[in-house]
Each structure stands twice: as structure tokens, then as C-alpha cells.
Amino acid sequence: MHTVAGEPLVRAVHQAAREYGIPQGLVVVHAEDVGGGPELRDARSVRLAGLTDEQVRADLIAQVRPGRPVEVPVRAIPPARVRPRAGNDRSPMSNLPPRIASFVGRENLLEDLYERMFLGEGHHVQRLHGVAGVGKSTLAIEYGHRFADRYDLVWWVATAQPAAARTMLRQLADRLGITGADRGRGAVLPRLLDGLSRGEPYRRWLLTFDGADNGLDGIIEALPSGPGHIIVTSRSTAAVAGNGLEVPRLSRDQSMMLLKKLAPGVPAAERRRLAAEVDDLPQALVDVARGLGGGYV
């Protein structure tokens, strides 16, 4: 697939079409309202201008998989009224942990989570659950980074220690200017959550409560509602009300890929043996790679 994003790329695709002919599988994607040219008159094309993300995705599927039904709902999502960021900065206000460089697989889970958030009706709370070490937090971090441009606020709250979790929420309140003399009486957090529920100051927000194995008692009384999204990671399937998405162990191929990233010198046969030994549990694979030391890494 070639992406046509401006006249230089249009000319490049035209030249390739003249030199090699138009391959049967070529799909021309016009990111801007630019001309196609006679050399591409037989190519399938998708024009992105004026379409919603869901319409673009449906059109691409229809072109790449001709004859197969498009299962993605095609509907317009009303634009959110959000407070504009200063200048051209498109990065959200965020305290998200660094992206995990060794992240592998999980594409279907990420796609499912995104569609539940943006296409689901009343599904603004998603609970990622699974056994310890299966990668729930890693998946939530990857989601936050991958779709950061869809949000104006991305805030991470580690909930293992309620006092630390409340501190992280108060830090968010400080960043949003929710402070005052009544702070010591515990009124800041209710004001913060009430503001988020009303979409103030941001409508497009993402809160992640990580490690809520015992629920959120002692941290907040109730999750904010409103226009934003919430991810809760937990070993329990019932710690927090929400729509559950189970995070499974990696496939064997994904486990081997992870070990190759972490310990590139390990032979394939040994990677397969190690993956089977820990039953494809991501955290165990990370621990195995660390234990290999200088012998393979």
C-alpha cells in the first residue's frame, strides 16, 4: 500500500506506476485532496478528507479485503468541545510511565480496547484483568502512548498503596489548578472527579487505575463518569465495576519474539524451551532474560 500525502509522493507513485505497471494489490490512499493522474486511473483508492476515523477504516478494509463484509460500524462521532492546547503542541497533559520498548503482540487487544472506548455505548470504564505477571499494566501503558493524540489528558494512578494513589490524584488536581484552603479537609479529590465528569477543563481524558486488586476503596468513593475514558487493571474480575477484557498469556511465537528482544543472543530452540518452561507468562520471560546475564544477552 502506498500513502499519498502530497504532490511529491503523488509524483513518486506515478513514476512507479509508469515503470512497473499498476500492481493488482495497489491501493492509493489520499490523505489530502490531491489529484490522482491518468497513470493511476485503474488503481483502487481511498480519500481521507472529510471522513471520520471509522469511515476511513471501513473504506480501507473494503479496498484491502474486496468482497469481504465490513464489520466495523460506520458512524460519525460528534467532535468534542475541548480546551485547545497552546501553540501546535499535540501532546496531552500526562504522567504516563515510559513506553515499554520490549512490548510485543497484543494488537487484537489494543484494537478491541480502542473500539470499546470509542465505539461502545456506555463503555467508558474498561477493566483489564488476568493473572499476575500477564502484562495488564504493560498493555495499559502501550494503549496510553499509542492513542495519546486522541486525548488531552492522560493520567496514571498506581493504586497498590491508597495513600500514594491519592497523592497522584492530588498532583493532577494541582496541574489543573484545583487547589485552595479547603485542600486539607479532603475536598480536592471530589472537586477533581466532579470536574472530569462534567468535562472540565478537558472532555477528552484517560485515567488509568493500575493494580486495583482490592478495588478503589480508600482512594475514591466513585469513578468519574462523563466524556472521558477509564482503564482499571486488576487480577480480580470483580474488583471494580466495568466492562471486563481478559489479558491472556502470550502466544508461543510472541514469547519467542519477546525473548529475542530482551536476549538477542539466545538461539531459537532455547527461546522456545524457555517460553514453554514459564508457560508464556510475560513477566516470567523478562525475569528469565535478566537471569541469563552475559551468557546470551
Once the convex hull of the C-alpha atoms of region 102-182 is built, how many Å³ does it hold per residue, rounded to a whole number?
-> 142
For residue 244, which sequence-distant residues (separation of 5 or more, or a different chain) have an amide H within less than 5 Å of its own amide H, given hydrogens modelled in the peptide plane?
-> 127
Heavy-atom accessible area per residue of region 116-231, all protein chains kept, 1.4 Å probe, expressed in Å², is 41
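In percent, what relative contact order does region 109-173 have, based on Cα pairs under 8 Å that are 6 or more apart in sequence? Spell out each step's value before the answer.
Working: 24 pairs, mean separation 10.7, N = 65.
Computed over region 109-173, the figure is 16 percent.
Taking each pair of distinct Cα atoms in region 173-282 once, what is the resulting Kirkwood hydrodynamic radius in Å? Display every interim value, and only then the final one.
Details: mean 1/r = 0.0576 Å⁻¹.
Hydrodynamic radius (Kirkwood, Cα pairs) of region 173-282 is 17.4 Å.
The values are calculated or read from the model by the stated rules, or taken from the named source; none is laboratory data. From a predicted model like this one, the values you see are computed outputs, not experimental measurements. Ligands, DNA and RNA are stripped out before the accessible areas are found, and what is left, the full protein with its side chains, is counted by its heavy atoms. Shrake-Rupley method; radii C 1.70, N 1.55, O 1.52, S 1.80 Å.
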